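The values are calculated or read from the model by the stated rules, or taken from the named source; none is laboratory data. Here the structure is a predicted model, which means the values were calculated and not measured. Don't worry about glycine lacking a Cβ; one is built from the backbone with ideal geometry, like all the others, and counts go over all protein chains shown. In case anyone asks, the SASA skips ligands and DNA or RNA and just uses the protein heavy atoms, side chains included. Shrake-Rupley method; radii C 1.70, N 1.55, O 1.52, S 1.80 Å.
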Amino acid sequence: MPYSEKFRERMVAKMSGPSGQSATSLSREVNVSQATLSRWLARAKVGAMSDGGGGRRKRWTPEGKLRIVLEAAAAGEQGLGALLRREGLHEADLTRFRQEVGEAAVAGLRAKGKKRRGGLTVEQKRIQQLERELKRKEKALAEAAALLVLRKKAEAFFFPSEEEGDDTDESNEK
């Protein structure tokens, strides 16, 4: 027996949410099989309410979710139903949007707070650490080069090579 889209949506709405009715009890009430109601509920959860499974749930952007949450807050109880119908949403969707927007806001504030406390992001701190390490190594390299030069000069002073010639003149000693 074919059921209208509106009827299916009403049945899914009755089974959804925190005070949702079970598919078994609803099937006795409206004389629709429990399997059919369960299938409608499962399809609603994945966004395919039509029989062919071709129906697609609208993809909500973060900006769209925020807009809906703000409009729902401004609408109050009287305008909430009209807003949900206009946007094709269920109250469970609005609850999920509110939760996602809240989590995103908290995550954004935490990230902003971390940056504000130290003044630097993780990448900037890593860059500073690497720059300090590079300066330390350059200093050590310069010191090692200076020691090598000093060593050469000391060897040349204390152990003159035969090629340079002797300053002592053996012929003058006689």
At 0.36 nm per residue, minus the direct Cα-Cα distance, what do His90 and Gln129 gain on full extension? Give it in nm, one decimal, please.
-> 8.9 nm
Solvent exposure ordering (accessible area, 1.4 Å, most first) of Lys14, Lys65, Lys58 = Lys58, Lys14, Lys65
Highest mean packing first, using Cβ neighbours within 10 angstrom, the peptides 37-45, 22-30, 130-138 sort as 37-45, 22-30, 130-138
State the extension gain, in nm to one decimal, for the chain segment bounded by Arg110 and Ser19, taking 0.36 nm per residue of separation less the distance between their alpha-carbons.
-> 29.4 nm
Amide hydrogen neighbours beyond the local backbone of Gln21, cut-off 5 Å, H modeled = Met15, Ser16
